[in-house]
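Since the structure comes first, as structure tokens, the remarks are kept for the end.
The values are calculated or read from the model by the stated rules, or taken from the named source; none is laboratory data. Keep in mind that what you see is a predicted model, and the values were worked out from it rather than measured. Counting neighbours? That spans all protein chains shown, and the Cβs are built from the backbone with ideal geometry, glycine included.
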Amino acid sequence: MSFSQQFRDPALTQSRILRRFADLLAPKAGPELETLAQRAELLTRQFFGKTMRLFAPLYLSNECVNICKYCGFSRDNPILRVTLTPEQVEAEARHLAHEGFRNVLLVAGEHPKFVSSDYLAQVTARLAGFIPALSLEVGPMETAEYEPIVRAGAEGLVVYQETYNRTAYAELHTAGPKRDFDWRLDCPERAYAAGFKRLGIGALFGLAPWQEEALHLAAHVDHLLRHCWKASLTVSLPRLRPAAGSFEPRFAFDDRALVQVILALRLCFPQVGIVLSTREPAVLRDRLARLGVTMMSAGSHTEPGGYTGAGADALHLTQRGKAQPVIASEGEHLSATEQFAISDERSAAEVSARLRELGLEPVWKDWDAALAGAA
Ligand code: SF4
């Protein structure tokens, strides 16, 4: 049974593990939360050692056919857009490799014409020789469309449901293929069938009440652990950040709630990786690094060409979805518009040094591949 079918079951969250998860989300006094934090830290070290995997997002394109009210790339936002050529993507990736990254997440808006399966397979093949851990966060596809990308060397597929609340989902996704809630919900299973070895899921917190969102996210984790058991699984808990369109969160999700969700995930699903991006401020990231987070982005840019300036000569402005040429005035340096403003602006080297101060070993390369090579 696919998760979209299971999701309709009124008893979805009544299993023992999900009732325990819900208990962990209930209000907790400080000392109780502290005890849970100590147990979570212990479990994280048992399952992941004193390590933190580092990765960088590499934006391929900010073209998008969807209207998502909370996203800077939403097709109705008049922003500067570009899709990098495979050569330009390679230049960006080589820059990241030079900084030490061996784990890169290729990110793009959903645009079947510009960001096709062929394009992604081509880009992946170009990078696979020097970036051993390549994952994708792109518009959902059919299993057959994923297969050439896996053959080209990609090993991970990340897709956030954004919100598990159907009503909120329908209100926030008003045009484009993303309107299909169930199609998105089953995307990780299609990716697994195509051969991806790592699956990443998440919810964008702030679109629906956080306890409800977290519980449905946990139900999704539970389902994937049982049905896609050969893949390793990561979970992300992004919070809304300022972006073009100036969308405001509909529901609060404060630091304490974020901590509680991380603890609940770690205590119920100790083998699952937890990802924290540069959306969060440096001080909070340093604190969460010890609690349950196992993977962090660092030194990130959220626009295509953000690391090297690649693609600046091919920018266009979209007005109501129509492309207009852009002409820079003399001395003006234009770049593609970012998806959202990051909060932790430290360089990758600074994040790495801080992790060491905290007693954690930054891991830049893909340890699975390293172990496979050693076998
Ligand atoms: S969230 Fe994704 S699909 Fe929606 S507008 Fe942004 S890039 Fe496009």
Item to check | Enumeration of residues in the range 80-101 that are surrounded by fewer than 22 Cβ atoms within 10 Å (Cβ to Cβ) and either within 18 Å of the chain's Cα centre (by Cα) or assigned to a loop (DSSP other than H, G, I, E, B) (or both) | outcome: THR85, GLY100
Next on the checklist: If I filter the range 33-71 down to residues being more than 18 Å from the chain's Cα centre (by Cα) and assigned to a strand (DSSP E or B), which single residue comes out as surrounded by the most Cβ atoms within 10 Å (Cβ to Cβ)?
Outcome noted: ILE67
Checklist outcome for this item: Subset of the range 157-180, residues part of a helix (DSSP H, G or I), under 14 Å from GLU213 (Cβ atoms) and more than 12 Å from the ligand (Cβ to nearest atom), comes to ARG166, THR167, ALA168
Checklist entry - Which residues, taken from the range 130-156, are within 16 Å of the ligand (Cβ to nearest atom), of a type outside the set (A, V, I, L, M, F, W, C) and over 19 Å from PHE101 (Cβ atoms)? => result GLY139, PRO140
Checklist entry - Out of the residues in the range 282-335 that are assigned to a loop (DSSP other than H, G, I, E, B) and acidic (Asp, Glu), which is modelled with the highest pLDDT? => result GLU303
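Can you go through THR308, THR294 and tell me which one is on the phi < 0 side of the Ramachandran plot and touching a Phe, Trp or Tyr at 6+ places or on another chain (Cβ under 6 Å)? Please lay out each step first, then the result.
Working: THR308 fails: touching a Phe, Trp or Tyr at 6+ places or on another chain (Cβ under 6 Å).
Going through THR308, THR294 in turn, just one is on the phi < 0 side of the Ramachandran plot and touching a Phe, Trp or Tyr at 6+ places or on another chain (Cβ under 6 Å): THR294.
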Item to check | Residue in the range 106-122 that is surrounded by the most Cβ atoms within 10 Å (Cβ to Cβ), counting only those that are within 14 Å of the ligand (Cβ to nearest atom) and not in a loop (DSSP other than H, G, I, E, B) | outcome: LEU106
Checklist entry - In the range 8-24, what residues are within 26 Å of the chain's Cα centre (by Cα), of a type outside the set (Ser, Thr, Tyr) and more than 11 Å from LEU267 (Cβ to Cβ)? => result ARG8, LEU12, LEU18, ALA22
Checklist entry - Of the conditions (1) away from the ligand (no atom under 16 Å from the Cβ); (2) more than 21 Å from VAL261 (Cα to Cα); (3) touching a Cys at 6+ places or on another chain (Cβ under 7 Å), ARG20 fails just one. Which one is it? => result (2)
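Every residue, every condition in (1) surrounded by fewer than 18 Cβ atoms within 10 Å (Cβ to Cβ); (2) in contact (Cβ under 8 Å) with a residue 24 or more places away in the chain, yes or no:
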residue	(1), (2)
VAL235	no, yes
PRO249	yes, yes
VAL259	no, yes
PHE269	no, yes
ILE274	no, yes
ASP313	yes, no
Checklist entry - What number of residues in the range 222-253 are modelled with pLDDT of 95 or more, under 15 Å from the mean Cα position of the chain (by Cα) and among the aliphatic types (A, V, I, L, M)? => result 3
Item to check | Given (1) modelled with pLDDT under 95; (2) out of contact with any His (no Cβ under 8 Å at 6 or more places or on another chain); (3) over 25 Å from THR35 (Cα atoms); (4) part of a loop (DSSP other than H, G, I, E, B), number of the condition ALA369 does not satisfy | outcome: (4)
Checklist entry - Checking LEU127 against (1) more than 16 Å from the ligand (Cβ to nearest atom); (2) of a type in the set (A, V, I, L, M, F, W, C); (3) closer than 25 Å to THR163 by Cβ, which single condition isn't satisfied? => result (3)
Checklist entry - Does LEU84 meet the test of being more than 11 Å from the ligand (Cβ to nearest atom) and closer than 26 Å to LEU288 by Cα? => result no
